[in-house]
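I have placed the structure first, in the form of structure tokens, so that the comments after it can refer back to it.
The values are calculated or read from the model by the stated rules, or taken from the named source; none is laboratory data. Note that this is a predicted model, so its numbers are computed, not measured. Cβ sites come from the backbone with ideal geometry, for glycine too, and all protein chains shown count toward neighbours. Note: areas computed on protein heavy atoms with side chains; ligands, DNA, RNA excluded. Shrake-Rupley method; radii C 1.70, N 1.55, O 1.52, S 1.80 Å.
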Amino acid sequence: MNIERDSNYELEQSEKRKKNRKTKSAFYQSVWRWHFYAGLIFAPFLIILAFSGAVYLFKPQIESFLYNNQFYVQQADSEAISANEQLAKVSEAYPDSTVTSVTNYEEANRTTEFAISDQGVMKTVYVNPYNGEIAGEIETDKKFTEVFKKLHSELIIGGTVANRIVELAACWAVILLVTGLYIWWPRNKASIWGTILPRITSEGRTFWRDMHAVPAFWLSVFLLILIATGLPWSGVLGEQINRVATSTNTGYPDYAQSWAEKPESVVKTKDVAENVPWAAENLDVPLSVANGYVPLSLSDAAFIAENEKIEKPYTITMPQGDTGVYTIATSHSTPWDDATLHVDQYSGAKLTDVRFADYGLLAKSITVGIALHEGRLFGFMNQLIGLFVCMGLIGLIVSSFIMWKKRKPEDRVGAPPKAKDKKVSRTVFVIMLIFGVLMPLVGISIIIVYILDRFVIQKFEPLRKWF
């Protein structure tokens with residue numbers, strides 16, 4: 001009897017082990033299928049983001065080289081002329097234009113930048129601060145690095161749809177990394193080869209699998225940081241982050257606007273000013289009190305900036321209309337020097353004054369993260385690390401494309417087959433929906449894919465076979 005009982009027990013355990021193996025295999029198959037399709041759809045956009053981001057990282061060096069004559073002048077022995085005198089030179093050279101902002105730099109041999117609207121065309125005019133001569137002009141949208149910035153944020157075509165596609169690609173990149181790590185995770189006591197080191201001597205699909213999976217493992221943390229620090233700019237998730245910061249009092253504090261009555265307008269700082277830190281973009285713009293006083297001059301605004309110890313480079317945005325304000329802002333390379341001031345254009349009174357020290361915990365973290373994302377947090381080394389990560393991402397996509405081509409049948413996409421265990425498939429689908437709750441655009445895209453798969457692809461035999 002004992003022998004029979006032991007035999008039954010071993011048989012039960014063997015069946016359980018088989019069932020567990022089947023469940024794990026089905027789970028792996030489902031995750032791999034999601035990973036495959038996400039990569040296939042969003043790989044082209046991720047290459048665009050990585051390439052454009054890698055170029056934009058080196059904006060200071062690229063612009064200094066391309067626009068050397070506009071950016072730099074021979075430093076004179078005499079002191080710089082006043083901001084008012086420089087403004088007069090610009091107004092004389094561009095009589096039909098409107099000056100919108102002025103940016104002052106710390107370097108003694110750097111020109112002053114005047115942003116102007118010249119018959120509807122936005123231009124940057126560069127002024128020698130020692131004699132007021134115009135060193136040159138550049139149409140803002142035609143700057144070399146602006147092209148890559150537009151490519152990175154809105155695929156050059158611009159508009160809400162392009163911006164949402166970029167956000168969607170970035171969010172799906174997070175899922176690609178998470179699902180990829182699960183697929184990579186060793187299922188047994190495998191050697192380090194093929195796990196944390198690639199089998200370089202191998203050939204074919206094994207070689208390309210290692211060239212994809214192993215670097216992805218080492219780059220995963222850096223890629224997640226790079227993606228996470230870029231998402232605060234996104235249209236949907238960025239707004240959610242902003243709401244979280246506001247509701248938890250971890251953005252800018254309430255007393256940031258306590259210099260005067262709370263503004264009645266709904267105009268945000270990012271809508272009227274340049275060079276504004278992320279944490280202050282949604283500050284309400286207060287109103288100047290138009291009480292018959294003569295408006296302050298640009299030199300007066302520059303004096304206020306110096307007196308308030310605003311670190312250069314800072315931008316002074318001109319008032320718009322009789323109740324507009326001067327906005328003095330710097331999104332500094334060292335985030336702790338960030339500042340955003342709204343100043344009454346008549347009295348010079350500070351209506352808003354927000355510095356890095358005033359930010360809440362979330363706003364501080366995001367501000368530092370943005371500086372890291374843009375490659376300006378710790379200088380050239382930050383740029384090199386960003387370049388390495390961007391090039392690594394492109395390498396991962398190229399290796400995945402080669403893997404796909406090697407295993408893809410001629411007449412089909414070559415996707416991993418569906419898991420036969422429907423319970424497992426539903427479980428993985430629910431997990432994906434959780435990602436969708438955290439990242440709304442992902443959730444919408446998952447629902448669209450489900451509807452297409454359920455009611456279109458599965459209903460048409462040629463499509464079903466091809467996929």
With Cβ to Cβ distances under 14 Å as the rule, what net charge do the other residues near residue 294 carry (K, R +1; D, E -1)?
-3
Within 10 Å of each candidate Cβ there may be at most 16 other Cβ atoms; applying that plus a DSSP loop requirement, which chymotrypsin sites (Phe, Trp or Tyr not before Pro) in the range 368-427 survive?
378
Just to verify a number: FRET efficiency for residue 413 and residue 64, C-beta to C-beta distance, R0 = 45 Å, to 0.05?
0.45
How large is Rg/Rh for the range 2-148, to two decimals, with Cα atoms and a Kirkwood Rh?
1.56
In the chain the accessible area split gives carbon plus sulfur, as whole percent at 1.4 Å, a share of 61 percent
Per residue accessible area of the chain, 1.4 Å probe, in Å²
55 Å²
The alpha-carbon pair-distance distribution computed for the range 117-220, with 10 angstrom bins and whole-percent values, is 12, 23, 19, 17, 14, 10, 4, 0
Using only the Cα atoms of the range 267-313, build the gyration tensor, take square roots of its eigenvalues as a ≥ b ≥ c, and label the shape rounded, prolate or oblate: rounded if a/c is under 1.5, else prolate if a/b is larger than b/c, else oblate.
oblate
Which value in nm describes the separation of the simple spin-label points at residue 394 and residue 220, placed 7 Å from the Cα toward the beta carbon?
2.5 nm
How large is the helix-only mean residue ellipticity at 222 nm for the chain, computed as the sum of -39500 (n - 2.57) over DSSP H runs with n ≥ 4, divided by its residue count, in deg cm²/dmol to the nearest 500?
-17500 deg cm²/dmol
Shape of the range 324-391, Cα gyration tensor, a/c cut at 1.5
prolate
Angle check, please: helix 159-184 long axis (alpha carbons) against the longest principal axis of the chain (alpha carbons), in degrees 0 to 90, nearest 10.
40 degrees
Per residue Cα convex hull volume for the chain, in cubic angstrom?
213 Å³
As a test of reading the structure, rank 336, 233 by solvent-accessible area (1.4 Å probe, protein chains only), most first.
336, 233
Over the alpha-carbon set of the range 278-407, work out the extent along each principal axis and list the three values in angstrom, largest first.
77, 27, 26
